[in-house]
1. Within the stretch B:78-112, can you find the residues that are in contact with a Pro (Cβ under 9 Å, 6 or more places away or on another chain) and away from chain A (no Cβ under 14 Å)?
2. Kindly list, by first and then second residue, each pair from a residue in the stretch B:1-27 that is more than 7 Å from every other protein chain (Cβ to nearest Cβ) to a residue that is at pLDDT below 85 and surrounded by fewer than 16 Cβ atoms within 10 Å (Cβ to Cβ), limited to pairs with Cβ atoms under 6 Å and residues at least 6 apart or on different chains.
3. Report, ordered by the first and then the second residue, all pairs with beta carbons closer than 8 Å, sequence separation of six or more or different chains, a first member in the stretch B:119-147 that is part of a helix (DSSP H, G or I), and a second member that is of a type in the set (D, E, K, R).
4. Yes or no: the stretch B:32-45 includes at least one residue that is surrounded by fewer than 17 Cβ atoms within 10 Å (Cβ to Cβ) and over 16 Å from the mean Cα position of the chain (by Cα).
5. Failed condition for A:Leu329, given (1) modelled with pLDDT of 75 or more; (2) exposed (fewer than 15 other Cβ atoms within 10 Å of the Cβ); (3) assigned to a loop (DSSP other than H, G, I, E, B), with all others met?
6. I'd like the full set of residues that are out of contact with any strand residue (DSSP E or B) (no Cβ under 7 Å at 6 or more places or on another chain), within 30 Å of A:Pro297 (Cα to Cα) and among the aliphatic types (A, V, I, L, M), limited to the stretch B:61-113.
Amino acid sequence: MIWLNVLHMSPIWTLVVLAMSSLEYLMPELSRPGVAFSTTVTEQFRRSDAHTRIVRRYRRGIVLSALAGLLVAMGGVEQIDAWSGPGAFTIQYLIFLVSFAIARASTAKYRTESDRVREAAFARREPPIMLALLVIAPLIAMCAALAWTYANWQLIPDPYPVHWGLNGQPDLWVQRTPLHVYGMLGLLAGVAAVLAFFGYGFLFWARRPDGTQERSWYRLPAGWIAIVLGAEYFVAASAMLPLGMDVHPVELLLLSLLAASSLCLIVIGPIGSRPPSRTNDYTPDGAWKLGIFYYNPDDAALFVEKRFGLGWTVNFGQTRAWILIGLALAPLGLGFAFVMSLTA
Amino acid sequence: MFKVDKKQMPAAKRLIKIDLSSTVPVYQQIADQIRAMLVEGQFKAGERLPTVRQIAVDLGVNHNTVAEAYRNLAEEGWLSLERGRGAVVMSRSTPAATPKARIAFANRLRDLVAQVRAAGLSPRAIRTEFEEVSESLLMQKKRDSRR
């Protein structure tokens, strides 16, 4: 039986589905002028009727994916009611993948050779010490929090709060046990470490090749670094909450930081800062598996610009990429085990 | 963001350009261009060059390709490759040219002219390029004599 209940729908998953499908809908405009559906093409092709037809068909698929996702998110499929949120996300993404694959296959016959000439500025970039300090500062603060917790165990509230509602009040408590207290801090320290790794990667292992466009290329990772830093500080401050510390000024600072980061992304992010003259991203078509995953052991870059035109992806041909994924998955796995232990 | 030493930068920005469709290996193209910069005196002795990783990431090539170029230059005595310090420019006195070296140069030049003529470059265009190179050599000589 199929039924719709707007009150029943998961607002977060609905937003996720809407945000994802909106980005996917806009994707053909966000890509570089010489790229269409992860395929190198001429700029003339991007302006041709053939391209318009392919984009129109692709967008019909995206609209369908959004509708299917929303239907599931609103509890329209009773059989998967408990999993309606992740189900909505999965359905939307699967339909997008199919639409993308069809559009990519249609574009393949218009594929052209990418420019084989590459250039890079030959000037040494000195490590930005202040930025590196900003990246590791939350980790240091969390180590200090761990030490403080160890030294002042009796001051830790019992029961111990582990979750807060939107009103800022705790809504989930657990008993004060070493597993719960150190588990929470360890989990957040792991997440902060992964974010710090990302920040370092954007600084040193992402491409800024075009000497003539040097300044605008420097701005590109700046937006992302600001986002990562904002998230890292947010995670670090969250870890302080259970310790009963007064974090109101910190919250204010975090909100300002997050707002500034978002502004950075909008104003000087990838779309705003990409040199319009550059159509070559120095990645060969063959290295884009399914048009989405970049695998190129002969490219030293760990992070490369996505061919979708928004955001960055890792180069799976690099061992460091797998270390990064391992590091990112470990806290997630620990977090899952931790949450399971809380519910038990 | 990153601090680029502006004092090092001449009016024209230093760029490394590679052509993946060229018959010349990429490491050779990189080494040739860095050598040209060193010969022109764009770097002082003791100056540190960009790291192998930075150039490899920016050009989208393998780390070993750039490392090979640096190793070749180190073997020629242009660079010192020190662990932890990277590639440092060495002071290198120009050896006296032997007749053999001069003959080898003339042969290479003739081969090169034949190659570019076969690729369609006119004798006038080749001559213009020669004149430019010759002019920059004379300028270099003047600069060196002033020092």
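The values are calculated or read from the model by the stated rules, or taken from the named source; none is laboratory data. Just so it is clear, the model here is predicted, and its values are computed rather than measured. Cβ atoms come from the backbone with ideal geometry, glycine included; neighbour counts cover every protein chain shown.
1. Hit for the stretch B:78-112 is B:Ala101, nothing else.
2. none
3. What qualifies is B:Pro123/B:Arg117; B:Ile126/B:Arg117; B:Ser136/B:Glu40; B:Gln140/B:Glu40.
4. No, the stretch B:32-45 has no match at all.
5. The number of the failed condition is (3).
6. B:Val61, B:Val66, B:Ala67, B:Ala69
Residue by residue, here is whether (1) free of Cβ contacts under 8 Å to residues at least 24 places away in the same chain; (2) within 13 Å of another protein chain (Cβ to nearest Cβ); (3) in contact with a Ser or Thr (Cβ under 6 Å, 6 or more places away or on another chain) holds:
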residue: B:Glu40; (1), (2), (3): no, yes, no
residue: B:Phe43; (1), (2), (3): no, yes, no
residue: B:Arg53; (1), (2), (3): yes, yes, no
residue: B:Leu59; (1), (2), (3): no, yes, no
residue: B:Asn62; (1), (2), (3): yes, yes, no
residue: B:Thr65; (1), (2), (3): no, yes, no
residue: B:Arg71; (1), (2), (3): yes, no, no
residue: B:Glu75; (1), (2), (3): yes, no, no
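Okay, residues lined up against (1) surrounded by 20 or more Cβ atoms within 10 Å (Cβ to Cβ); (2) modelled with pLDDT of 85 or more; (3) in contact with a Lys or Arg (Cβ under 9 Å, 6 or more places away or on another chain):
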| site | (1), (2), (3) |
| --- | --- |
| A:Ala82 | no, no, no |
| A:Ser99 | yes, yes, yes |
| A:Pro138 | yes, no, no |
| A:Ala151 | no, yes, no |
